[in-house]
Amino acid sequence: MTHTLELEVRDYECDIQGVVNNSVYQNYLEHARHKYLLDLGIDFAELARQSINLVVIRAELDYKSSLRPGEMFTIETRINRISKLKFAFEQKIITSEGKPAVNALIIGTAINERGRPFMPEFISDLLDNNA
């Protein structure tokens with residue numbers, strides 16, 4: 001299942017060159033992941049209160065084109081299992097003209113209260129049902 005989120009570039013997200021600063025794309029991607037999980041009934045903040053922390057352990061971003069102030073764009077997000085303890089969010093930021101702006105692969109895991117990686121059953125079920 002692919003989740004889609006539409007956003008608009010805010011002026012303050014742009015650098016002196018008049019385009020979205022590269023670090024801001026990470027914020028966009030994180031927001032989309034949280035919205036995706038929330039739409040699946042997984043509340044990221046509630047997990048943290050339960051000492052279940054979903055963490056990014058690797059981020060690969062390929063910048064394709066720049067977004068500009070006021071531009072509308074879409075983020076597509078999918079999640080897949082990549083190992084017993086890891087999952088991957090495949091994400092794309094697409095301009096209002098349909099051009100790719102960013103392709104991202106975000107690898108994550110869950111950390112328990114002792115700081116050890118583990119796979120919560122509800123995440124495992126989600127990954128199994130998404131396969």
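Once the Cβ-Cβ distance between ARG68 and ASN130 is put in as r, and R0 is 25 Å, what FRET efficiency do you end up with, to the nearest 0.05?
Numbers: r = 34 Å, r/R0 = 1.35.
About 0.15, to the nearest 0.05.
Shape of segment 7-49 from the C-alpha gyration tensor: prolate (a/c of 1.5 or more and a/b above b/c, with a ≥ b ≥ c the square roots of its eigenvalues). Under 5 Å between amide hydrogens, built in the peptide plane, is the criterion, and for GLU71 it picks out VAL9 among residues at least 5 positions away or on other chains. Of the trypsin sites (Lys or Arg not before Pro) in segment 35-93, the ones in a loop by DSSP (not H, G, I, E or B) with at most 10 other beta carbons within 10 Å are LYS84.
Only helical runs count toward this figure. For the chain, summing -39,500 (n - 2.57) over DSSP H runs of n ≥ 4 and dividing by all residues gives -8000 deg cm²/dmol at 222 nm.
For the chain, the longest principal axis of the alpha carbon atoms and the long axis of helix 121-130 meet at an angle near 60°. Here the gap between ILE82 and GLU46, fully extended at 0.36 nm per residue and compared with their Cα-Cα distance, gives a gain of 10.5 nm. Angle of helix 22-39 to the longest C-alpha principal axis of the chain, folded into 0 to 90 degrees and rounded to 10: 50°.
Using only the Cα atoms of the chain, construct the convex hull and provide its projected area averaged over every direction, in square nanometres to one decimal.
Working: hull surface 33.2 nm².
Average projection, Cα convex hull of the chain: 8.3 nm².
Readers should treat all values here as calculations from the given coordinates under stated rules, not as data from a laboratory. Since we're looking at a predicted model, the values are computed, not measured. In this analysis, Cβ positions are derived from the backbone assuming ideal geometry, glycine residues included, and neighbour counts consider all displayed protein chains.
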